[in-house]
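Engineer: Before I ask anything, let me first share the structure, which is written out below as structure tokens.
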Amino acid sequence: MLTIHIGDGGTGRAVAVSGDRIEAVGTADELRALFPRARVREWHGTLGPALVHAAPVPDAPSPRERIHALLRLGATAVVDGYLTDPALRAAAARGGLTRVPAGSVPPALVTGGRADLAVFDAGGGCVATVVGGRLVHRRA
């Protein structure tokens, strides 16, 4: 199923996602016209690439909860040196997060690229996180 994610409450940048890939990037109006039957998710915030987490993974009671803490921050990639614990690496893999070398920057949202994106409010808080095309976090 094709889903269009739109930032800024339905008026801003938009990304069309099918499976784990980006089908198109453009304005909300452009993508609605290109994909009139697509599911639409509108977010109040700025849509862009998900973050690369380049710090220790937050503490939590379990590896799964530690990875979920990253998703709540808008991160879908973690610098490999911070995933030394095998249980944490396994939880990251199950959650679809990618391991990247130090100095990595978030990949641009481009057609054909992996659908890792996030939406941030004006204060920098994460509103929604999409990993490989799956909505894995949304703020209520």
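Engineer: How large are Rg and Dmax for the chain when only the alpha carbon atoms are used, in Å?
Structural biologist: For the chain, the Cα radius of gyration and maximum Cα-Cα distance read 14.9, 46 Å.
Engineer: Say each of Ala108 and Arg134 gets a label point 7 Å from the Cα, pointing the same way as Cα to Cβ; how far apart are those two points in nm?
Structural biologist: The modelled label-to-label distance comes out at 2.9 nm.
Engineer: With an 8 Å cut-off on Cα pairs and a minimum separation of 6 or more residues, tell me the relative contact order of region 8-84 in percent.
Structural biologist: 26
Engineer: Give the percent of DSSP beta bridges with both residues in the chain that are antiparallel, rounded to the nearest 5.
Structural biologist: Antiparallel bridges: around 70 percent, rounded to the nearest 5.
Engineer: With a 10 Å radius around each residue's Cβ, average the other Cβ atoms per peptide and rank 90-101, 51-62, highest first.
Structural biologist: Ranking, from highest mean packing down: 90-101, 51-62.
Engineer: Can you give me the % of accessible surface on the chain that is carbon or sulfur? Probe 1.4 Å, all protein chains present, nothing else counted.
Structural biologist: Roughly 54 percent, rounded to a whole number.
Engineer: While we're looking at this one, here's another question. Under the definition of Cα pairs under 8 Å and six or more residues apart, what whole-number percent is the relative contact order of the chain?
Structural biologist: 27
Engineer: OK, next. Residues of the chain: accessible area per residue at 1.4 Å, in Å²?
Structural biologist: 51
The values are calculated or read from the model by the stated rules, or taken from the named source; none is laboratory data. Here the structure is a predicted model, which means the values were calculated and not measured. Counting neighbours? That spans all protein chains shown, and the Cβs are built from the backbone with ideal geometry, glycine included. Keep in mind that these areas ignore ligands, DNA and RNA; they rest on the heavy atoms of the full protein, side chains included. Shrake-Rupley method; radii C 1.70, N 1.55, O 1.52, S 1.80 Å.
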